[in-house]
Amino acid sequence: MPNALVVFYSLDGDVRFLARSLAKELQLDTMELELVKPHPTHGFMKYFKGGFLAATGATPPLLPLAHDAAHYDLVFVGTPVWNSHPAPAVRTFLKGADFKGTRVAFFTCYGDNDVKTQRILASLVPGAKVAGRIGFKLPLKMDKEQCVTDLLRWAKDLLNS
């Protein structure tokens, strides 16, 4: 089985739930991205600031990373979809990592859809091979067990290919 890492950012918990389930079940290293200045978690500013920063392509600074993505054969990257864009923390990570020759696979959590987000994610990893993409609509509010089952099936297929 390839050497793989699960990297994610989560504000409301959907992506965190899926990422931790993936890492635990497949015994993969995991790394949660954390902002130097945390994002608001409640009220109007949570949505206004998040959507604005995501849409403008902001790259806020992250706390030091626990793992170097360049040391892995496959990197799973999880992000919520904000205003049809990946979360700014994920953008910062992708723009700062060296993915040349690395396979990268994206998983998203969204309320509407993730079509534009998936295109943006792929554009942020030049030199990488985008091995796969999958999205989940509101996993904690829908059928979270089915979402985990689908995520694991997808990830196992990528790890074995």
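Readers should treat all values here as calculations from the given coordinates under stated rules, not as data from a laboratory. What you see is a predicted model, and the numbers here were worked out from it, not measured in a lab. Cβ: placed from backbone, ideal geometry, glycine included. Neighbour counts: every protein chain shown.
Under 14 Å from the Cα of K46, which aspartates and glutamates turn up, not counting those fewer than eight places away in the same chain?
The qualifying aspartates and glutamates are D12.
What does a probe at N3 reach in the stretch 27-46, counting residues whose amide N is under 13 Å from the point 7 Å along Cα→Cβ?
Correct set: 29.
Largest first and in whole Å, what are the equivalent-ellipsoid semi-axes of the chain based on the Cα gyration tensor, each being the root of 5 times an eigenvalue?
On the way: eigenvalues 101, 68, 40 Å².
Semi-axes from the Cα gyration tensor: 22, 18, 14 Å.
Could you work out the longest stretch of the chain that avoids the trypsin sites (Lys or Arg not before Pro) located in DSSP loops with at most 13 other Cβ atoms within 10 Å?
Here the longest segment lacking exposed loop sites spans 1-99.
Compute the length gained on full extension between L26 and H71: take 0.36 nm times their separation in residues and subtract their Cα-Cα distance, giving the result in nm to one decimal. Display every interim value, and only then the final one.
Working: separation 45, 0.36 × 45 = 16.20 nm, distance 1.79 nm.
14.4 nm is the gain from fully extending L26 to H71.
Within a 10 angstrom radius of the beta carbon, how do V104, V36 rank from fewest other beta carbons to most? Display every interim value, and only then the final one.
Values: V104 25, V36 10.
The order, fewest Cβ neighbours first, is V36, V104.
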